[in-house]
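The values are calculated or read from the model by the stated rules, or taken from the named source; none is laboratory data. Computed from a prediction, not measured in an experiment: that's the story for all the values here. For neighbour counting, all protein chains shown are included, and Cβ atoms are generated from backbone atoms with ideal geometry for every residue, glycine included.
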C-alpha cells in the first residue's frame, strides 16, 4: 500500500489552541500508511516585492512552508473563526502559498475543520474558504462537516479530544480526504 503524506495547518498560534490540539488529535487518528507534517504559518506579511519573480528567492520560512505543502499528497486545515471569517495569519499563509504557477496548493485535495468555544462551530470561516478553494481548483472534502463547537467541553486538560461524535466525524472526513488523494493521483 502506498504511503500517503499529508500537510496539516492550524490557523492559530495560541500556545493552548483548541485547533492545534485538534490537528494533533487528527494526526493520532490517521491510518498506518498515512503521515502528517504540521506546518508553521508564522510567516512575514505577504509582500509581492519579497515574492518571485520580483525577488530572487522567497523568505526562508515561506519557502519552507511552500515546500511542506508541495511534498504533501493532501492538506488538512483546522482553524478558529475570527469575525465570521478566516484568521488573518492563516489568510496570509494562504496568500504566500497560492501565488505563482508553481503554487503547491493548485488542485490539492483538502479537508477543512475547526474548533471554537462558541455555539456555531466555525461554519462562517469554512464558507469563507470556498472562493479560495475554487480559485486554486482544490479538491475539497465537502462532507461530513467538522465544526467542533463548545471546544472547552470536548478536550481534556492535556488537549486530548474526548467527544466521540467529533472523533467519528473526523475519521469520516479523513477517509474521504484519502479517497480524494487516491483519485487525484497526488
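Within the stretch 119-161, the set of residues being closer than 30 Å to residue 100 by Cβ and assigned to a loop (DSSP other than H, G, I, E, B) comprises 122, 136, 137, 138, 141, 142. Picking from residues in the stretch 164-186 that are modelled with pLDDT under 95 and either touching a helix residue (DSSP H, G or I) at 6+ places or on another chain (Cβ under 8 Å) or assigned to a loop (DSSP other than H, G, I, E, B) (or both), the one that is surrounded by the most Cβ atoms within 10 Å (Cβ to Cβ) is 186.
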